[in-house]
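Visitor: Please see the structure below; I have some questions.
The values are calculated or read from the model by the stated rules, or taken from the named source; none is laboratory data. Note that the structure is a prediction, hence the values are computed from the model and not measured. Neighbour counts are summed over all protein chains in view; Cβ atoms, including those assigned to glycine, are modelled from backbone coordinates with ideal geometry. With ligands, DNA and RNA removed, areas are computed over all heavy atoms of the protein, side chains included. Shrake-Rupley method; radii C 1.70, N 1.55, O 1.52, S 1.80 Å.
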Amino acid sequence: MGGGTPSLLDPGHLRDILDAIRATFATELAEVTLEADPETVEAGKVAGWVGAGINRVSFGLQSFVDEELVAAGRMHRRADIYRAVPILREAGISNISFDLIAGLPYQTRESWRRSLEELAVLEPEHVSVYLLEVDEGSRLGKELLAGGGRYSAGAVPSEDEMAEFYELAQEKLRAAGYHHYEISNWAKPGFESRHNLKYWRREAYLGFGAGAHSFSGTERWANTHDAAEYVRAIEGGRLPIEQHEKLTAESALEEELFLGLRQLDGIDLAQIEREYGVSLAGRFDPLASAGFVERDGGVVRLAPGRLSISNEVFVELMR
């Protein structure tokens, strides 16, 4: 349950949503994740979440450094994180995920190291590390693309520094006992994100709500982002779909390759060749010769030192 800040909803509304899913689908709801901001966490609320069946909470922390949080426009502060985690633990939430962003304005190697060390102290079961994305729809993104210095754009670390931060995260999280299982994701053993694994393995999923995406295995569709239009469509007995795509065999194969390479276990070439009726012999040779990927029998995976430039590797693969 994510997008925006669903932890702001009354716990009763969250329970109604989950009850509707239970009543409609045959499912065990083994992993029920709620995206939350630390400042929204209260003991009474969390008790309601647990009562509704929520058993995993994902925090978009971004940083443990207040200066960086202010520059990023976040409402919470470091103290909110330390206040919120014990409340979740006491209520019985035994699966917590933290998101950090490498490349925030004013971030330095030392402040990034401090965020990683403080994260390790709180021992979440799961960690996601994302590099700052330049979004042309945001003020900061527009300023960065224009080469300006407003909105703290002049304080954003360089791409080389972001890559260095990522590599430091690999080192620190490995030392803290986390298994690196996908380019941006680490977990304690047994706590890999089940819903994200579905995306990377191209398994079918259904999304509900404004802006939600779904995938059948052969088709993708997305609901309208306009919440009022979404409600009008549902009340009018119409599907609120605004985008729909049927995948060709070629595009499905491309997804299989680059999503498979995102997983550190790599891809089984023989299995993909059987499934798609293709020969991949030689397709990875240029990348292997350049040191971007490595082979282990019939498995191909990204070379460990190339994870921070994975997008460049994917572009080369799809040429």
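Visitor: If you go through the range 1-60, how many residues are touching a helix residue (DSSP H, G or I) at 6+ places or on another chain (Cβ under 6 Å) and over 20 Å from Ile87 (Cα atoms)?
Guide: Adding up the residues that qualify gives 1.
Visitor: Something else: Please state which of the following conditions Glu28 fails to meet, knowing it meets all the rest: (1) in a loop (DSSP other than H, G, I, E, B); (2) modelled with pLDDT of 95 or more; (3) open to solvent by 70 Å² or more (accessible area, probe 1.4 Å).
Guide: In the conditions (1) in a loop (DSSP other than H, G, I, E, B); (2) modelled with pLDDT of 95 or more; (3) open to solvent by 70 Å² or more (accessible area, probe 1.4 Å), Glu28 misses (2) alone.
Visitor: Report yes if some residue within the range 269-279 is without any contact (Cβ under 8 Å) to a residue 60 or more places away in the chain, of a type outside the set (Gly, Ala, Ser), open to solvent by 30 Å² or more (accessible area, probe 1.4 Å) and touching a helix residue (DSSP H, G or I) at 6+ places or on another chain (Cβ under 7 Å); otherwise report no.
Guide: Yes, the conditions are met somewhere in the range 269-279.
Visitor: Could you tell me which residue of the range 129-164 is modelled with the highest pLDDT, considering only residues that are open to solvent by 30 Å² or more (accessible area, probe 1.4 Å) and in contact with a strand residue (DSSP E or B) (Cβ under 7 Å, 6 or more places away or on another chain)?
Guide: So, considering only residues that are open to solvent by 30 Å² or more (accessible area, probe 1.4 Å) and in contact with a strand residue (DSSP E or B) (Cβ under 7 Å, 6 or more places away or on another chain), the one modelled with the highest pLDDT is Tyr130.
Visitor: Return the residue satisfying two criteria in turn: it lies in the range 180-203 and is assigned to a loop (DSSP other than H, G, I, E, B) and of a type outside the set (Gly, Ala, Ser), and of such residues it is most open to solvent (accessible area, probe 1.4 Å). Steps first, answer last, please.
Guide: Applying the first criterion (assigned to a loop (DSSP other than H, G, I, E, B)) to the range 180-203 yields 183-184, 188-193, 201-203.
The next check asks that each one be of a type outside the set (Gly, Ala, Ser); those that pass are 183, 188-189, 191-192, 201-203.
Numbers: Ile183: 9, Lys188: 48, Pro189: 102, Phe191: 66, Glu192: 50, Arg201: 125, Arg202: 31, Glu203: 75 Å².
For the range 180-203, the residue satisfying everything is Arg201.
Visitor: For the structure I just gave you, tell me whether Ala120 is modelled with pLDDT of 95 or more, farther than 16 Å from Ala36 by Cα, touching a Lys or Arg at 6+ places or on another chain (Cβ under 9 Å) and among the small types (Gly, Ala, Ser).
Guide: Answer is yes for this residue.
Visitor: Next question, about the same structure. If you check every pair at least six apart or on different chains, which have Cβ atoms under 8 Å apart with a residue in the range 163-189 that is touching a residue at least 60 places away in the same chain (Cβ under 8 Å) and closer than 17 Å to Leu302 by Cα first and a residue that is aliphatic (A, V, I, L, M) and assigned to a loop (DSSP other than H, G, I, E, B) second?
Guide: His180/Leu264; Tyr181/Leu264; Glu182/Leu264; Ile183/Leu264
Visitor: For residues that are surrounded by fewer than 16 Cβ atoms within 10 Å (Cβ to Cβ) and among the acidic types (Asp, Glu), scanning just the range 292-317, find the one that is nearest to the chain's Cα centre (by Cα).
Guide: Glu312
Visitor: Test of understanding: among Gly154, Gly211, Gly148, which residue is over 23 Å from the mean Cα position of the chain (by Cα) and in a loop (DSSP other than H, G, I, E, B)?
Guide: Gly148
Visitor: Report, by residue number, each residue of the range 252-268 that is open to solvent by 30 Å² or more (accessible area, probe 1.4 Å) and free of Cβ contacts under 8 Å to residues at least 40 places away in the same chain.
Guide: Across the range 252-268, the qualifying residue is only Asp268.
Visitor: Test Arg174 against the criterion of being at positive phi, out of contact with any Cys (no Cβ under 7 Å at 6 or more places or on another chain) and open to solvent by 10 Å² or more (accessible area, probe 1.4 Å), and give yes or no.
Guide: no
Visitor: List every residue pair whose Cβ atoms lie under 7 Å apart, where the two residues are 6 or more positions apart in sequence or sit on different chains, the first residue falls within the range 17-33 and is at positive phi, and the second residue, located anywhere, is open to solvent by less than 70 Å² (accessible area, probe 1.4 Å) and in a loop (DSSP other than H, G, I, E, B).
Guide: Leu29/Gly53
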